[in-house]
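Working notes, beginning with the structure itself.
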Amino acid sequence: MKVMITTLWDKPALSPELPGCLERMAGQLLAEHGLEKGELGIILADNARLQELNRTYRRLDAPTDVLSFSMLEEGGGPAEPTGEEEPLLGDIYISLEQAALQAEEAGHSLEREVLILAIHGLLHILGFDHEDEESAREMEAEEARVLNIFGKDC
């Protein structure tokens, strides 16, 4: 399992422990879903980048906090890799600007908010959604479970 964390916007500064925490969270959650091999990207960006992606892929011309792009096939498994590389599972884009606002509103750290958004994004990659009440409850319960495990470390 490879988790690639890319920072495209470095304001505000994040704790140096956050990448390791995100990697551990993603590795465990993916392993729980039988995805021990593969590559996941977590991209930390600004509102402008998320707005551009939101406009392009969701036709919503507004910034958002997190976007997920899954490369998993409908059955939940990764698409076949090309060559020797591990299969790409997907990418999660997080707006640090939006995360900072939400962290302040919630009264917790920016790192905790980034973790919350990364969990939410990864659950979308794994096929969770919140399109109806039942699926929203399931997703919220899984978010709480994962946050309870990793929220103390970040």
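Annotations for the structure displayed:
- Taking amide H as placed 1.01 Å from N in the peptide plane, the amide H of I5 sits under 5 Å from that of I42, each at least 5 places away or on another chain.
- Label point distance in nm, M71-D132, each placed 7 Å from Cα along Cα→Cβ: 3.2
- Spacing of the modelled spin labels on E104 and Q51, each 7 Å from Cα toward Cβ, amounts to 1.7 nm.
- Dividing the mean sequence gap of close Cα pairs (under 8 Å, 6+ apart) by how many residues the chain holds gives a relative contact order of 25 percent.
- Label-to-label distance, nm, for residues given as Q28 and M1 (7 Å Cα→Cβ offset): 1.0
Every number here is computed from the coordinates shown, using simple stated rules; none is lab data. Values in this document were obtained by computation on a predicted structure and should not be read as measured data. Cβ coordinates were reconstructed from backbone atoms using ideal geometry, including for glycine residues, and neighbour counts include every protein chain displayed.
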